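Below is one structure, written out as structure tokens, with a few remarks after it.
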Amino acid sequence: MSDTTASQGWFTSLANPTRFLALSGRILPYLATAAVVSLLVGLYMSFAAPEDYQQGITVRIMFIHVPAAWLAMMCYSVMAIASIGTLVWRHPLADVAAKTALPIGAAFTFLSLLTGSLWGRPMWGTWWVWDARLTSVFVLFLMYLGLMALHRAMDDPARAARPAAVLTLVGFINIPIIKFSVDWWNTLHQPASVMRLDGPTIHPSMLYPLLVMAVAYTLIFFTLHLMAMRNEILRRRVQAMRRQAAQAIGAGGARP
Amino acid sequence: MMALLKRDLAIATRSGGAAMLGVLFFLAVVAVIPFGIGPDLNLLARIGPAILWIGALLASLLGLDRLFQADREDGSLDMLVMQDWFSLVLTVFVKSLAHWLATGLPLVLAAPLLGLLMNMSATATGAVMLTLLVGTPAISFIGAVGAAVAVVLPRGGLLVSILILPLAIPILIFGVSASYAAVTDPDPFLPPFMILSAIALFFAALGPVAAAAALKGAAD
Amino acid sequence: MMALLKRDLAIATRSGGAAMLGVLFFLAVVAVIPFGIGPDLNLLARIGPAILWIGALLASLLGLDRLFQADREDGSLDMLVMQDWFSLVLTVFVKSLAHWLATGLPLVLAAPLLGLLMNMSATATGAVMLTLLVGTPAISFIGAVGAAVAVVLPRGGLLVSILILPLAIPILIFGVSASYAAVTDPDPFLPPFMILSAIALFFAALGPVAAAAALKGAAD
Amino acid sequence: MQAIATKLKGRRGDSVLFEDVGFSLSRGQALVITGPNGSGKSTLLRLLAGLLAADSGRFLLTGDDGAVLPVPDFAHYLGHRNAMKRELRVAENLAFWKSFHASDSGEGLSVDAAIDAVGLTGVAHLPFGYLSAGQQRRIALARLLVAARPLWLLDEPTAALDKRSDQLFADLVGDHLKKGGLAIAATHQPLGLHNIQSLELSGVHRAASSSGESWT
Amino acid sequence: MQAIATKLKGRRGDSVLFEDVGFSLSRGQALVITGPNGSGKSTLLRLLAGLLAADSGRFLLTGDDGAVLPVPDFAHYLGHRNAMKRELRVAENLAFWKSFHASDSGEGLSVDAAIDAVGLTGVAHLPFGYLSAGQQRRIALARLLVAARPLWLLDEPTAALDKRSDQLFADLVGDHLKKGGLAIAATHQPLGLHNIQSLELSGVHRAASSSGESWT
Amino acid sequence: MMSHEAFVFVSYASTAVTLAGLLIGILLDGRARRAELAELEAQGVRRRSGPARGAGS
Ligand code: HEM
Ligand SMILES: Nc1ncnc2c1ncn2[C@@H]1O[C@H](COP(=O)(O)OP(=O)(O)OP(=O)(O)O)[C@@H](O)[C@H]1O
Ligand SMILES: Nc1ncnc2c1ncn2[C@@H]1O[C@H](COP(=O)(O)OP(=O)(O)OP(=O)(O)O)[C@@H](O)[C@H]1O
Ligand SMILES: [Mg+2]
Ligand SMILES: [Mg+2]
């Protein structure tokens, strides 16, 4: 062992929890307002959009299904990036970010599964099929829940961070599988029509509401995530204070 | 004894939630099946009850080895075994019950969702739930015997499952056949179900006594 | 490193026989399926490879959580983690190998017997054995990651299986499809088998590295 | 109340660890068992607690009226391990043992009072696993206080305790004796108790009896 | 060969357990770390062993030629736990560690000789789990003998040992030092060693650095 | 079976419920944490990195 010093990135000194709490407290109101406004606009646009001649009114499910599916994947990507932060810079904020993104990601994944099923019933005539895309999203859901269980099972967040980060990164294999499953295997599910290299193939009257809803979902995600991160920081602070209390008592020693 | 039940439930729900883990495992196992079998919905519906039962059996068996081992490792077991015979049997009963409440019951409640995924009919799902409701406590009770025997072994773990699996197989068989009897027409549901219930009662009586005997014998 | 392999194998065979449990469990899973399907021999033969694979997957997950936990409890893990990075990766590799030898290999050897029970043809049985021979080590290697993560847990148990099952799905998919390709005529056996081998190699490289990283991170 | 052991013989596997062990304790008296590693101190205590069966001989606890009392209901056993759950808070752990032990033999301290008595005021709401080795041992001692039982069987009670806590422990046992309790402790370290009998196990083991050769 | 620590700072969660810990040991010297329960003795040793990362400061082991040596290859760490498998025989356990440790730094005793050295001749064929607490600890000490390494890091090495074994342990360490080894031990009990430095941890913890508040 | 409108309605409603549930859960969690912190501070437990600096607590 030549050097035991933990590497301390520049933001270790910059971003301490108190400062993070202050900064996030200032940003939050704007973020929340933006989220609500864009959501309202998006909802208005999606109900103003014309009905699809094939799918009828059910096409409106798209405006909440597709963003939920995107967010489910984006949230895992955020976690993966945060995990790299945990492993490389060992910054606890990265761990806080990865941990708190979990329930939110799970919720969006759940929504994409649920709205997908609700769309599938009238369109395909069944709630559920075991096709590649649906199944890979289901696996993503399981991974979210598994990671949540992992965090819940550990009594010490500081020790949970790195192992959980490793696992998160290993699980990232699933994201490209979800994304490209429609191209690799022929399935019932729609192939990509918006996020394609050669530009969207979807009609603008549906594209714009979809995009606005996607923006709204993204803002909602960041708002919730920031709030959850603040909670987590407070939780750790409480935990730390409890531990300190234990040690102070130890140092206080026996009854006189 | 209420204190013991409360303590065991508190531990199960607090440290990682044994309950949640059981259900998640159940979900994961059932989700894996279609990858093997293929996405044929009819076939899935046909083997659904068997899969659900296997998943539930596994989920309640795994982790059963900790029933007494955890108490042994931290020394609590000594206090439990120091009690008189009747209290010890009661203690084992209560601990098994707590195990079932924390692990078995959530499985029963999760079964309908999985039934949906396996494309099972409502009747089949209901039958599986009913049989699980009767069968999973039996697994916990008979599992206590294995857990008690495992206490003496240096590293119980797997051995519990080895000891218990043969005993649990009748539960599995009657559980599965009762579930099928409920959907396939000529077969009556009640006979296998009654046998299952009888097994469950028998194990609820036998398990704690045998486990208590094993614990008394294992003290060292 | 040979010493480590020898030690782990000695422990596995001495205390309770991990190998035996795996095979027993495998048997139990495969034995209940006919109850669900009914005595339709053709159908049994058809889903045989899938059932065998699913059984093997679940059986090799059992006990995986103890891979490092046992070493942690008695303090050996400290010595393992104290090594330099390369030796640690090698250590994880060897431990996973020992786990496979004790748990996975017996499953491969038991497969023909179960193939008989499932009314599978000789070709199908052979194909399943071959794919299991390649696939089960992959499960052990990727499982090591879950086991390493479990080291920080008060009690690993089910959680490891939950975390690992999603990652093991590709192994299952290609294992099963290679097995089927061997019997159904138009499909070639080699492509899925090659993919399976590639996955196995990939996991054999990735698993130990990721597990070593998790172990280093978990030291306290 | 008296605790009387006569001609106890303890065996582990093939070898007899001790033989002819006898003592008699009455209210306010303590017995300290010493001996080298492996001499059978823990074995003797477990045997007194009824966790092991004696090979021969008997251990009786009699009430002040001469009636024979069941040891498990009137004795506290503190082993090498602490019998506490890491996941639960200190108060929850102690509350559990209070209600578990509180069968017959009278009252004990409240949970908070017991925690105070071992000098750890304020840890009640902490998970047991947060405490250091020495603190954990002190909470394990607090278990003896939440339910009053006359006989204490202690196996290396001061393991992992620092100097100051050793004194605290001596005070606790002293109090217990003064209230008419009995204590039997196995230890390597001087306990700082006065007025104690002592029993030294030799650590020389004999092969099991020549006439009826042992089977185990 | 020298072991030099400079300005080590150790943290657990939110509190700094020690700071500015420094020492310098050369061949034949020993350091004893003392302090109350929870003061950070174990933490310091794990940090020296490389099992924990120091918050700041460094610990270096340099050879006689001044080259920096990797601690993991030149140090034995003996923790609270014994690192032995209960299922395996004593001899198997020790043989495993002998081949596991025997990477670079020279020879050690044979397994039988090491068992003799800790005074337990004859237990080689017993499963480790059958031994008493003190005997187990002594076998754990024997691990240090089967592979020779210059630096010994010992965490409460004499826990559960009786008086005689304490002396035996002191002799073992004495021998090791005489052969030019180094030893660092954390303990509550006097180790009976002469010619030692000592380091007292206060047990008073400070919250993590004031500028950058800690995150965990 | 359900009309197509019903499917649309159920989708939107369940989305609203899920997201609202998430939001409320996070808000309640934050409240509970703040309460705990206040309780600890009332007990005299302080962060020893100086006085508890406000933001969020
Ligand atoms: C439970 C069932 C379903 C799941 C898990 C699911 C999952 C997904 C995912 C993950 C995406 C994002 C893909 C990407 O960005 O490349 C997506 C997009 C999409 N889904 Fe679904 N889906 C489900 C059911 C349905 C149904 C029933 C329909 C319509 C019949 C549908 C129509 C679409 C459309 C149109 C897109 C947008 C594709 C694009 O423009 O890129 N989905 N879905
Ligand atoms: N579970 C067991 N099975 C078989 N033999 C055992 C067992 N536990 C202890 N022994 C043996 O019994 C003997 C006495 O052990 P015991 O634990 O009573 O000693 P002790 O006096 O408490 O020693 P220590 O001071 O080390 O705690 C030892 O020789 C040991 O090998
Ligand atoms: N794994 C851990 N995670 C978090 N905190 C810990 C951990 N282990 C110990 N601590 C805390 O660090 C402090 C120092 O513990 P350590 O084990 O180093 O003390 P010690 O000096 O060895 O005490 P003892 O004499 O009781 O063994 C204690 O207050 C303890 O609560
Ligand atoms: Mg002892
Ligand atoms: Mg210590």
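The values are calculated or read from the model by the stated rules, or taken from the named source; none is laboratory data. Since the structure is predicted, the reported quantities are computational estimates derived from the model, not experimental observations. Cβ atoms come from the backbone with ideal geometry, glycine included; neighbour counts cover every protein chain shown. Keep in mind that these areas ignore ligands, DNA and RNA; they rest on the heavy atoms of the full protein, side chains included. Shrake-Rupley method; radii C 1.70, N 1.55, O 1.52, S 1.80 Å.
Quick check: is even one residue across segment E:28-47 outside any strand (DSSP E or B), more than 10 Å from every other protein chain (Cβ to nearest Cβ) and in contact with a helix residue (DSSP H, G or I) (Cβ under 8 Å, 6 or more places away or on another chain)?
Checked against the condition, which is being outside any strand (DSSP E or B), more than 10 Å from every other protein chain (Cβ to nearest Cβ) and in contact with a helix residue (DSSP H, G or I) (Cβ under 8 Å, 6 or more places away or on another chain), segment E:28-47 yields at least one hit.
Filter segment D:63-75 down to the residues that are outside any strand (DSSP E or B), surrounded by fewer than 16 Cβ atoms within 10 Å (Cβ to Cβ) and of a type outside the set (Gly, Ala, Ser), then identify the one that is nearest to the other protein chains (Cβ to nearest Cβ).
By that ranking, first place goes to D:70.
When you look at residue D:154, is it under 22 Å from residue B:75 (Cα atoms), within 16 Å of ligand 2 (Cβ to nearest atom), crowded, with 22+ Cβ neighbours inside 10 Å and at pLDDT 85 or above, yes or no?
Criteria met by residue D:154.
Could you list, in sequence order, the residues of segment D:9-32 that are more than 8 Å from ligand 2 (Cβ to nearest atom) and hydrophobic (A, V, I, L, M, F, W, C)?
Result: D:16, D:18, D:21, D:23, D:25, D:30, D:31, D:32.
Given the options C:111, C:124, C:138, C:148, name the one that is within 27 Å of residue C:78 (Cβ to Cβ) and of a type outside the set (Asp, Glu).
Result: C:148 is the single residue among C:111, C:124, C:138, C:148 that is within 27 Å of residue C:78 (Cβ to Cβ) and of a type outside the set (Asp, Glu).
Tell me yes or no: at least one residue of segment A:24-35 is in contact (Cβ under 8 Å) with a residue 24 or more places away in the chain, crowded, with 21+ Cβ neighbours inside 10 Å, at negative phi and more than 10 Å from ligand 1 (Cβ to nearest atom).
Checking segment A:24-35: not a single residue is in contact (Cβ under 8 Å) with a residue 24 or more places away in the chain, crowded, with 21+ Cβ neighbours inside 10 Å, at negative phi and more than 10 Å from ligand 1 (Cβ to nearest atom).
Taking residue E:8 and the conditions (1) modelled with pLDDT of 85 or more; (2) surrounded by fewer than 18 Cβ atoms within 10 Å (Cβ to Cβ), which numbered condition does it fall short on, given that it satisfies the others?
All conditions pass for residue E:8, except number (2).
Taking the options E:51, E:44, name whichever one is touching a residue at least 12 places away in the same chain (Cβ under 8 Å), within 18 Å of residue E:24 (Cα to Cα) and either within 16 Å of ligand 2 (Cβ to nearest atom) or of a type outside the set (Lys, Arg) (or both).
On inspection, the qualifying residue turns out to be E:44.
Check residue D:149 against each of (1) part of a loop (DSSP other than H, G, I, E, B); (2) within 18 Å of the chain's Cα centre (by Cα); (3) surrounded by fewer than 18 Cβ atoms within 10 Å (Cβ to Cβ) and name the one condition it does not meet.
Failed condition: (3).
Return yes or no: is residue E:60 within 16 Å of ligand 3 (Cβ to nearest atom), open to solvent by 10 Å² or more (accessible area, probe 1.4 Å) and either free of Cβ contacts under 8 Å to residues at least 60 places away in the same chain or at the interface with another protein chain (Cβ under 8 Å from one of its Cβ atoms) (or both)?
Details: within 16 Å of ligand 3 (Cβ to nearest atom): no; open to solvent by 10 Å² or more (accessible area, probe 1.4 Å): yes; either free of Cβ contacts under 8 Å to residues at least 60 places away in the same chain or at the interface with another protein chain (Cβ under 8 Å from one of its Cβ atoms) (or both): yes.
No, not satisfied.
May I ask you to verify whether residue B:49 is at pLDDT 80 or above, at the interface with chain A (Cβ under 10 Å from one of its Cβ atoms) and closer than 25 Å to residue B:172 by Cα?
On the way: at pLDDT 80 or above: yes; at the interface with chain A (Cβ under 10 Å from one of its Cβ atoms): no; closer than 25 Å to residue B:172 by Cα: yes.
Considered against the rule, which asks whether it is at pLDDT 80 or above, at the interface with chain A (Cβ under 10 Å from one of its Cβ atoms) and closer than 25 Å to residue B:172 by Cα, residue B:49 comes out as no.
Considering only segment E:165-190, state which residues are more than 16 Å from ligand 5 (Cβ to nearest atom) and touching a residue at least 40 places away in the same chain (Cβ under 8 Å).
E:165, E:168, E:172, E:173, E:177, E:178, E:180, E:181, E:182, E:183
Among the residues of segment D:11-22 satisfying the criterion of being open to solvent by less than 30 Å² (accessible area, probe 1.4 Å) and touching a Leu at 6+ places or on another chain (Cβ under 7 Å), which is nearest to residue D:76 (Cα to Cα)?
Residue satisfying both the conditions and the ranking: D:21.
(1) within 16 Å of ligand 4 (Cβ to nearest atom); (2) among the charged types (D, E, K, R); (3) surrounded by fewer than 15 Cβ atoms within 10 Å (Cβ to Cβ): which one isn't true of residue D:41, the others all being true?
It fails just one condition, (3).
I'm trying to understand the selection: among the residues of segment C:69-93, which are touching a residue at least 60 places away in the same chain (Cβ under 8 Å) and more than 11 Å from every other protein chain (Cβ to nearest Cβ)?
C:89, C:90, C:92, C:93
Being surrounded by fewer than 18 Cβ atoms within 10 Å (Cβ to Cβ) and in contact (Cβ under 8 Å) with a residue 12 or more places away in the chain is the filter; apply it to segment E:125-146 and report the residue that is nearest to ligand 5 (Cβ to nearest atom). Steps first, please.
First, pick out the residues of segment E:125-146 that are surrounded by fewer than 18 Cβ atoms within 10 Å (Cβ to Cβ): E:125-126, E:129-130.
From the residues that got through so far, the ones that are in contact (Cβ under 8 Å) with a residue 12 or more places away in the chain too are E:125-126, E:129.
Values: E:125: 32, E:126: 28, E:129: 23 Å.
Of everything passing the filter in segment E:125-146, E:129 is nearest to ligand 5 (Cβ to nearest atom).
Just checking: which of the helices (runs of 4 or more DSSP H) contained wholly in segment B:15-84 hold 2 or more residues that are open to solvent by less than 20 Å² (accessible area, probe 1.4 Å) and more than 21 Å from residue B:129 (Cβ to Cβ)?
B:18-37, B:66-73, B:76-81
List, please: which pairs have Cβ atoms under 6 Å, are six or more places apart or on different chains, and start with a residue in segment C:207-219 that is more than 8 Å from chain A (Cβ to nearest Cβ) and end with one that is among the aromatic types (Phe, Trp, Tyr)?
Between residues of segment C:207-219 that are more than 8 Å from chain A (Cβ to nearest Cβ) and residues that are among the aromatic types (Phe, Trp, Tyr), the close pairs are C:207/C:141; C:208/C:93.
Given the conditions (1) open to solvent by 30 Å² or more (accessible area, probe 1.4 Å); (2) more than 14 Å from chain E (Cβ to nearest Cβ), which single one is not true for residue D:25?
All conditions are met except number (1).
Among the candidates B:129, B:120, single out the residue that is under 28 Å from residue B:35 (Cβ atoms), out of contact with any Phe, Trp or Tyr (no Cβ under 6 Å at 6 or more places or on another chain) and in a loop (DSSP other than H, G, I, E, B).
B:120
Checking the conditions here, which among D:185, D:159 is within 16 Å of ligand 2 (Cβ to nearest atom), out of contact with any strand residue (DSSP E or B) (no Cβ under 8 Å at 6 or more places or on another chain) and not in a helix (DSSP H, G or I)?
Only one candidate passes the filter, namely D:159.
Can we say residue A:78 is surrounded by fewer than 21 Cβ atoms within 10 Å (Cβ to Cβ), out of contact with any strand residue (DSSP E or B) (no Cβ under 9 Å at 6 or more places or on another chain) and within 22 Å of residue A:211 (Cβ to Cβ)? Write out each step before concluding.
Details: surrounded by fewer than 21 Cβ atoms within 10 Å (Cβ to Cβ): yes; out of contact with any strand residue (DSSP E or B) (no Cβ under 9 Å at 6 or more places or on another chain): yes; within 22 Å of residue A:211 (Cβ to Cβ): yes.
Criteria met by residue A:78.
Provide a single number: the residues in segment C:125-159 that are open to solvent by less than 10 Å² (accessible area, probe 1.4 Å) and within 13 Å of the chain's Cα centre (by Cα).
Residues flagged as open to solvent by less than 10 Å² (accessible area, probe 1.4 Å) and within 13 Å of the chain's Cα centre (by Cα) within segment C:125-159 amount to 13.
Restricting attention to segment E:76-116, which residues are at the interface with chain C (Cβ under 8 Å from one of its Cβ atoms), among the hydrophobic types (A, V, I, L, M, F, W, C), more than 16 Å from ligand 5 (Cβ to nearest atom) and over 12 Å from residue E:146 (Cα atoms)?
Within segment E:76-116, E:84, E:88 qualify.
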